[in-house]
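Enquirer: I'd like to ask you about the structure that follows.
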Amino acid sequence: MEEEFSAFVAERAHALLRTAYALTGDRHAAEDLVQSALAKAFARWHRIEEPEPYLRRMIYNDFVSAWRSPRRRREVIVAEPPEPAGAPVMQSDTALRLLLRDALRRLPPRQRAVVILRYFEDLTVEETAAVLSCRPGTVASQSARALTKLRELVPQLDWSGDLVGGRS
């Protein structure tokens, strides 16, 4: 059992970390999410039939649950807003990706999880609903709200392409 678990971690931990980073936007928080999920999974490894979907679901659930905790809702009061007054000038694809990453961080955790599952992981509405333990209609409405907010936050992005296509 230990060897099987170690082999899985060696082979798939990077993919899990990539997904966790897309959710959190912070490498250390992503590592914590993955490590926590792996630690929980190790205790019941012999009962897990499909480890990767199981671990991904744990990561998404832990991410959403962590944001419900009151101790995570610390606000910092500043005299000036951190954003510049005017729209940023796009210099490159890298700048656009950074804007999109920052916009994703500003989405509520549930909407961010839906966007990551639908468009980063390329899951269908039904698959996303199964991972998040909700109804397909909830996934569709959360996705629509998230995309509307992302369009507001990053108007420079060409939203007509495959980025928002996904599988139905």
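Any read-out appearing in this document is the output of simple, stated calculations on the displayed coordinates, not a laboratory observation. What you see is a predicted model, and the numbers here were worked out from it, not measured in a lab. Positions of Cβ are generated from backbone atoms using ideal geometry, with glycine treated the same way; all protein chains shown enter the neighbour counts.
Enquirer: What does the extension gain come out to for residue 26 and residue 5, with contour length at 0.36 nm per residue minus their alpha carbon separation?
Expert: Extra length available between residue 26 and residue 5 comes to 5.0 nm.
Enquirer: Using the basic label-point model (7 angstrom from Cα toward the beta carbon), what is the residue 48 to residue 122 distance in nanometres?
Expert: For the pair residue 48/residue 122, the computed spacing is 2.4 nm.
Enquirer: Hey, rough spin-label estimate for residue 135 and residue 64, points 7 angstrom out along Cα→Cβ, what's it come to in nanometres?
Expert: 1.5 nm
Enquirer: What Kirkwood Rh does the range 1-56 have if only Cα atoms enter the pairwise 1/r average? Answer in Å.
Expert: 11.4 Å
Enquirer: Figure the gain on full extension for residue 152 and residue 93 (residue separation times 0.36 nm, minus the Cα-Cα span) and round it to one decimal in nm.
Expert: That works out to 19.4 nm of additional length.
Enquirer: Tally Lys/Arg at +1 and Asp/Glu at -1 over every other residue whose Cβ is under 13 Å from the Cβ of residue 11; what's the total?
Expert: Charge balance near residue 11 sits at -2.
Enquirer: Quick one: if you stick a label point 7 Å off each Cα along the C-beta vector at residue 105 and residue 57, how many nm between them?
Expert: 3.1 nm
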